[in-house]
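Novice: Could you have a look at this structure, given as structure tokens, before my questions?
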Amino acid sequence: MDRNNIKACIVRVGGTNCDAETKRSFEELGVKAEVRHLSEIAKSNNLLEFDILVFPGGFSFGDYVRAGAILAKSFSAKLNRRLKAFVEEGKPILGICNGFQVLVEAGLLPAFNGISKYPEAALATNLPIGFRCRWVYLKHENSGKCVFTKKIPKGKVLRMPIAHAEGRFMFPKDSEGSCLERLVDNDQLVFRYCDEQGRGAGGKYPYNPNGSFYGIAGICNPEGTVFGLMPHPERAFYGWQLPDWTKGEKPSEFVDGRLIFESVVEHVAAKL
Amino acid sequence: MSQQIYIRKDAQFELFEVNILHADDKQLIQISEEMGLALNLKEMRTIKNYFVQKNRNPTDVELQTLGQTWSEHCFHKTFKGTILTPEGKRIDSLFRTYIAKATLELNKPWCLSVFEDNAGIVQFQDDIAVAAKVETHNHPSAIEPFGGAATGTGGVIRDVLGVWADPIACTDVLGFGPLDYDYNKLPSGIKHPKYVFRGVVAGIGCYGNNMGIPTVNGAIYFDESFTGNVVVYCGCIGTLPIDKYIKKAKPGHHLVLAGGRTGRDGIHGVTFASLELTEKSEEVSRPAVQIANPIEEEKLKRAIIKIRDQKLASSITDLGGGGLSSAVGEAAHKYRCGAKVALEKVPLKYPNIPPWEIYISESQERMLITVPKMNLQDTLEIFASEDVEATDIGTLTTEQALRLTYDGTVVADVDMDFLFNPPKITKKVEWKKVEYTEPTFSEPEDLTSILVDLLSSPNIASKESVIRTYDHEVKGNTVLKPLCGIHGGPSDAAVIKPLDNSYRGLVISCGINPQYGKIDAYWMAASNIDEAIRNNIAVGGQRIALLDNFVWGSPEKPDRLGSLMKACEACYNYAKGFETPFISGKDSLYNESPLGPVTPTLLITAIGIIPDVRKTVSMDLKASGDLVYLVGQTYPELGGSEYYRRLGYIGCSVPVVRLNEAKRTMDRISKAIEAGCVKACHDLSEGGLAVSAAEMAFSGDLGMDVSLTRFPQSVPITRNDFVLFSESNSRFLVEVPEKAKEDFEAAMKGSNYACIGRVTKEKCLLIRGLNGEPVIQADLDMLRDAWKKLFGG
């Protein structure tokens, strides 16, 4: 399928704020990306006309209860059947930062047994506590299931920035071990925080910037089509976005975050 | 028997007639105080005379409207008033005589709208303009640090929306008392600096982050006088298509109030800002602090930008200080109209708010736009589509009067002409002599340990722990971030790439140094202008515009007004001299507390252009073997320096700005950067040469071996400590690759510069003194740790 026939829908509500740069990232790859307000999507009832659904970063509805919880509930309430159909058709869904929180709150991730009615994991308050904006190192851990990282070799270390106050990924304490096992066995683990050499962050700040369990920064569903991550790939798209690009003669054209958009676009183009 | 002053009117709602016609001077003052009007006797008499002519008493709504409109905060009486000097000179308006005059005389074609709207507007490229505004929110932040700072940010963002611009970046410059301030010395009613610090920092983050506007530049300064007078500057920069800058309201156009609901928060904010803080401020003025809801403003912003793009409205203004009273008044006054407003239509947070409170409430997240009738429906629909409440509350009229009604009853009817012509004030100034003398002491032996102390002193130490709580990346357009290089060095300025289809960038920097203000307000102002410009130039900024923000003590006191006038004089001289026009500004006076007045503080914000962001220069060292140049002359100017402070002195040899020399230096640095021969550049400011060299080295993780045997000087300096720590203005440290040596020196021709050494791969800062012997020798990790340890990462 021609890339310019691919349609990405970027969902926004009051408080969403990374929609423009996320749209730009898809457009750079020749994809038609549209930013749509939730009420507009609900009204026009055309969710299934899109090929990719994206929940971008921000503070949806102010994040006044658990981050992402209200958007997750209102999206499910308004578009439950269509959302289910979207997932079942294997159409990719991406959640970045607040979007990752939404996917977890909506039961779309990790979705061990399909879409869950209740959140199976949480993105809890950072440890150390507080909002942090900084660049982190991520190790790609996925063996090929995730359609958003197909172009990234397993084991590759990537750089992206995080900017959040609630990003500490955790499973229920009593089933932490078994959940992790499942995550790994299903090839749902996608990114872990690490140091510049790719060694696990070992829970240490600032390499693990939020105290995430097992250094988990991004996961996908068992089918590899729904993917959420706390770091912002759209802020690591061009070379001039790197924090130390001035070290070189001139910035490189594109950097790591682009690979995520490139992977999913290629996947959709090949499939259609 | 004396007459009753407040007479309850017979109405279904709360409305009072104020018996001003029978009030004597004492009662006039009493009324002003009891109603929180903050008007003086002369102003109250003027009001009395007006109503004597009208042959009726004013309502509470009318008096409150006058109190708001005539407040220092809204009308800038001091800056617009007359000033008499001890020499018998008469200055009519500090603003027109100094600040605006430089802009007017420079007459730059790229200045599109200056000093007349909510924000200054300059051209960015072809059809795109940039709007900038910086505000202070000191008084509210002193009472309620979190809410005060958050609504300060929210307010300045609305200022930018108020010129139809889409906000793209925020700045914050903060001033606190020492964080280790002795609790026992704290007078009652004053909050501990640590508490204020935490609240303010969190408040700023809560607004910018949640609205998705990156906070890209700022500074934190500590001064004893900020203990009682916290200083909170909030800035915002936005972009707008020039053809969408629509300001052409006409009689008949509807007044549409949009955004948050109106409540009792923020009553008397502006009059409170025009008074000194006292022990009672918390109790009396708590309602003056507003409540922030950034998501409401995020939605409002989306709707406003849509309305702008469809050109549905004829003008826009924000609701800030003074609330509706200020916004409606200004909208009508600006377009030479009157206005009528039905106050019962204003959506309220809760019922039973009397009309005067509705009209002056400073509840947040509200904007006022004027809309021609034919576009009213479309406009309201856009607001509804973004879940924003919007209400048609009245119209502009041809009559030159402000007429407010509540449920059909007229509650205010004032002539516009009277409302916008408060009596002019005349104030006297007094020149205060410099209190300090130059210390005499011998050169300390261990200068390395002094450098380490300076790096870990509050004004120089890394503010990383604060900076990282602000999202400086959102929108994905931040090219040079507040922390740069592999170890997060202190960037001189931020660079933003606002347009997807262009590499043209915006450079944002600031200059502030209150310590110099203790010695001499004139040179403080000149130094801050120099600092803001050189920070901008250091990363590649050109064509610079300035914003001025004064934080001063009470203008009722002639010495405070004297130093204010001196600072204004410097603003004129140096803005004119550097050819950097002021485009916007704001003053916050009356910063006095039981601990005394605030140190005269002037923030200069500089907005420059970089033709290609890929040519941005950062301050971290890049490659061993490169040459290190010191550009600009060093003088024995240590008055107000961090070095003197470390030794317990203030001194009086405050750095001055030598205009011709400074201009030449800045111009040559710009040329060298443009020519591509500069790999790193850092301005010299607090802590002087030694601190700048250390910062460049530990940020890039490369050593430096430099020598003071050859440095640009016109008066001989014979002490190593003076050369290392002098804070002379207009100086830069520059890294130049060997292969660009000739090009660099050709570009620098005519300026004072010297190659003082090289970048080394040894992780060590080595500075050789005047006799060639090492005077500073320190491991980079140790220096970096010293810099980072005070506030942490």
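Novice: Taking a spot 7 Å from the Cα of residue A:270 along the direction of its beta carbon, which residues of region A:1-42 have an amide N less than 13 Å from it?
Specialist: Label zone hits: A:1.
Novice: Where q = 0.27 Å⁻¹, what log10 of I(q)/I(0) comes from the Debye formula for region B:6-76, counting one point per Cα?
Specialist: -1.33
Novice: Quick check on my link table: of B:77/B:191; A:32/A:91; B:80/B:428, which ones sit more than 19 Å apart, alpha carbon to alpha carbon?
Specialist: Flagged as over cut-off: B:77/B:191.
Novice: Buried accessible area for the A:B pair, summed, 1.4 Å probe, in Å² rounded to 100? Working shown, then result.
Specialist: Working: alone 11590 and 28080 Å², together 36630 Å².
What A and B bury together is about 3000 Å².
Novice: Further, regarding this structure: Rounded, prolate or oblate for region B:403-522? Axes are the square roots of the Cα gyration tensor eigenvalues, ordered a ≥ b ≥ c, and the cut-off for rounded is a/c under 1.5.
Specialist: Working: a/c = 3.15, a/b = 1.37, b/c = 2.31.
Oblate is the answer for region B:403-522, as a/c is 1.5 or above yet b/c matches or exceeds a/b.
Novice: When N counts the residues of the protein assembly as shown, how does its alpha-carbon radius of gyration compare numerically with 2.2 N^0.38 Å, as a ratio?
Specialist: On the way: Rg = 29.6 Å, N = 1065, 2.2 N^0.38 = 31.1 Å.
Relative to the rule-of-thumb radius for its length, the protein assembly as shown sits at 0.95.
Novice: Between residue B:116 and residue B:97, what is the label-point separation in nm under the 7 Å Cα-to-beta-carbon projection?
Specialist: 2.5
Novice: Something else now. Starting from the Cα-Cα distance between residue B:667 and residue B:499, subtract it from 0.36 nm times their residue separation and give me the gain in nm to one decimal. Walk me through the numbers before you get to the answer.
Specialist: Values: separation 168, 0.36 × 168 = 60.48 nm, distance 2.69 nm.
The residue B:667-residue B:499 span can extend by a further 57.8 nm.
Novice: Could you tell me which residue out of B:181, B:448, A:46 lies farthest along the dipole of the protein assembly as shown toward its positive end? Charges go on the beta carbon: Lys and Arg +1, Asp and Glu -1, centred on the Cα centre.
Specialist: Of the listed residues, the answer is A:46.
Novice: Run through the DSSP bridge list for the protein assembly as shown and note the antiparallel percent, rounded to the nearest 5. Please report the intermediate quantities before stating the final value.
Specialist: On the way: 129 of 172 bridges.
If I count the DSSP bridges inside the protein assembly as shown, around 75 percent turn out antiparallel.
Novice: Here's a follow-up. So what's the back-of-envelope 222 nm ellipticity for chain B, counting only DSSP H runs of four-plus at -39500 (n - 2.57) apiece and dividing by all residues, rounded to 500?
Specialist: On the way: 27 runs with 270 residues, N = 793.
Roughly -10000 deg cm²/dmol at 222 nm, from the helical runs in chain B.
Novice: Could you let me know the centre-to-centre spacing of region B:37-104 and region B:419-452, using Cα atoms, in angstrom?
Specialist: 29
Novice: Using a Förster distance of 56 Å, how high is the FRET efficiency between residue B:56 and residue B:790, based on the Cβ-Cβ distance and rounded to 0.05?
Specialist: The formula returns an efficiency of 0.35 here.
Novice: Of all the C-alpha pairs in chain B, what % are more than 52 Å from each other? Show your work: numbers first, answer last.
Specialist: Numbers: 43625 of 314028 pairs.
Summing the P(r) tail past 52 Å for chain B gives 14 percent.
Novice: Right, here's the next one. Using DSSP, restrict attention to beta bridges with both residues in region A:30-171 and report what percent are antiparallel, rounded to the nearest 5.
Specialist: 75
Novice: Using the eigenvalues of the Cα gyration tensor, what equivalent ellipsoid semi-axes result for region B:460-573 when each is taken as the square root of five times the eigenvalue, whole Å, largest first?
Specialist: On the way: eigenvalues 202, 57, 31 Å².
For region B:460-573, the ellipsoid semi-axes come out as 32, 17, 13 Å.
Novice: Turning to a different aspect of this structure: Computed over the Cα atoms, what is the radius of gyration of region B:29-69 divided by 2.2 N^0.38 Å, N being its residue count?
Specialist: Values: Rg = 9.4 Å, N = 41, 2.2 N^0.38 = 9.0 Å.
That works out to 1.05 for region B:29-69.
Novice: While we're here: Could you tell me the calculated FRET efficiency between residue B:424 and residue B:579, based on Cβ-Cβ distance and R0 = 30 angstrom, to the nearest 0.05? Intermediate values should be presented prior to the final figure.
Specialist: Details: r = 32 Å, r/R0 = 1.07.
After rounding to 0.05, the efficiency reads 0.40.
Novice: Scale the Cα Rg of region B:30-121 by the rule-of-thumb value 2.2 N^0.38 Å and send over the ratio, two decimals.
Specialist: Working: Rg = 17.7 Å, N = 92, 2.2 N^0.38 = 12.3 Å.
Output field value: 1.45.
Novice: Let me ask another. May I ask you to give the percent of accessible area on chain B that is carbon plus sulfur, with a probe radius of 1.4 Å? Each step should come with its number before you reach the end.
Specialist: Values: 13100 of 26580 Å².
That fraction is 49 percent.
Novice: Treating only the Cα positions of region A:166-272 as identical point scatterers, give the base-10 log of I(q)/I(0) from the Debye formula at each q in 0.11, 0.16, 0.19 Å⁻¹.
Specialist: -0.44, -0.87, -1.11
Novice: Given axes a ≥ b ≥ c from the Cα gyration tensor, I'd like to know whether region A:1-154 is rounded (a/c under 1.5), prolate (a/b larger than b/c) or oblate.
Specialist: On the way: a/c = 1.30, a/b = 1.10, b/c = 1.18.
Judged from the Cα gyration tensor, region A:1-154 comes out rounded (a/c under 1.5).
Novice: Taking all protein chains in place and a 1.4 Å probe, what share, in percent, of the accessible surface of region A:111-209 do carbon and sulfur account for?
Specialist: Working: 2310 of 4520 Å².
Carbon and sulfur together cover 51 percent of it.
Novice: Continuing with this model, one more query. Share of antiparallel DSSP beta bridges in chain A, in percent to the nearest 5? Each step should come with its number before you reach the end.
Specialist: Values: 25 of 42 bridges.
Antiparallel bridges make up about 60 percent of those DSSP assigns within chain A.
Novice: Could you pull out every Cys in chain A that lacks a partner Cys with its beta carbon under 4.7 Å away?
Specialist: That list is A:9, A:18, A:97, A:133, A:179, A:194.
Novice: Now for a separate question. Report relative contact order for region A:187-272 in percent, whole number only (criteria: Cα-Cα under 8 Å, sequence separation at least 6). It would help to have the intermediate numbers written out before the result.
Specialist: On the way: 104 pairs, mean separation 17.0, N = 86.
Averaging sequence separation for qualifying contacts and normalising by length gives 20 percent for region A:187-272.
Novice: What number does region A:3-271 give for Rg over Rh if you use C-alpha atoms and the Kirkwood radius? Before the final figure, lay out each step's value.
Specialist: On the way: Rg = 17.0 Å, Rh = 18.2 Å.
Result: Rg/Rh = 0.94.
Novice: To the nearest 0.05, how large is the calculated FRET efficiency for residue A:252 and residue A:1 if R₀ is 35 Å and r is the Cβ-Cβ distance? Don't jump to the answer; show the numbers that get you there.
Specialist: Details: r = 29 Å, r/R0 = 0.83.
Between residue A:252 and residue A:1 the formula returns 0.75.
Novice: Extending each Cα 7 Å along its Cβ direction at residue B:674 and residue A:127, get the distance between those two points in nm, one decimal.
Specialist: 5.5
Novice: Nearest 10 degrees is fine. How inclined is helix B:41-54 to the longest principal axis of chain B, computing both from alpha carbons?
Specialist: 30
Novice: Could I ask something else about it? Which distance in nm do the two modelled labels at residue B:49 and residue B:743 give, with both placed 7 Å along the Cα-to-Cβ direction?
Specialist: In this crude spin-label approximation the distance works out to 6.9 nm.
Novice: How many percent of the accessible area of region A:1-87 is carbon or sulfur, using a 1.4 Å probe? Write out the running numbers ahead of the final one.
Specialist: Working: 1640 of 3330 Å².
Carbon and sulfur together cover 49 percent of it.
Novice: Quick one: accessible area per residue over region A:3-271, 1.4 Å probe, rounded to a whole number of Å²? Mind dumping the intermediate values first?
Specialist: Working: 9770 Å² over 269 residues.
Ligands and nucleic acids excluded, the result is 36 Å² per residue.
Novice: How many percent of all Cα-Cα pairs in region B:604-701 sit more than 20 Å apart? Before the final figure, lay out the partial values.
Specialist: Values: 2367 of 4753 pairs.
Tail of P(r) above 20 Å: 50 percent of Cα pairs.
Novice: GNM on chain A, C-alpha springs below 10 Å: top fluctuator among A:211, A:155, A:58?
Specialist: A:155
Novice: In addition: Pull up the cross-link candidates among the aspartates and glutamates for residue B:48, meaning alpha carbon to alpha carbon under 18 Å and not fewer than 8 places away within one chain.
Specialist: By straight Cα distance, residue B:48 reaches B:17, B:24, B:25, B:33, B:34, B:60, B:62, B:413, B:415, B:417.
The values are calculated or read from the model by the stated rules, or taken from the named source; none is laboratory data. Quantities reported herein were computed from a predicted structural model and do not represent experimental measurements. Cβ sites come from the backbone with ideal geometry, for glycine too, and all protein chains shown count toward neighbours. Please note that ligands, DNA and RNA were not included when accessible areas were found on the heavy atoms of the full protein model with its side chains. Shrake-Rupley method; radii C 1.70, N 1.55, O 1.52, S 1.80 Å.
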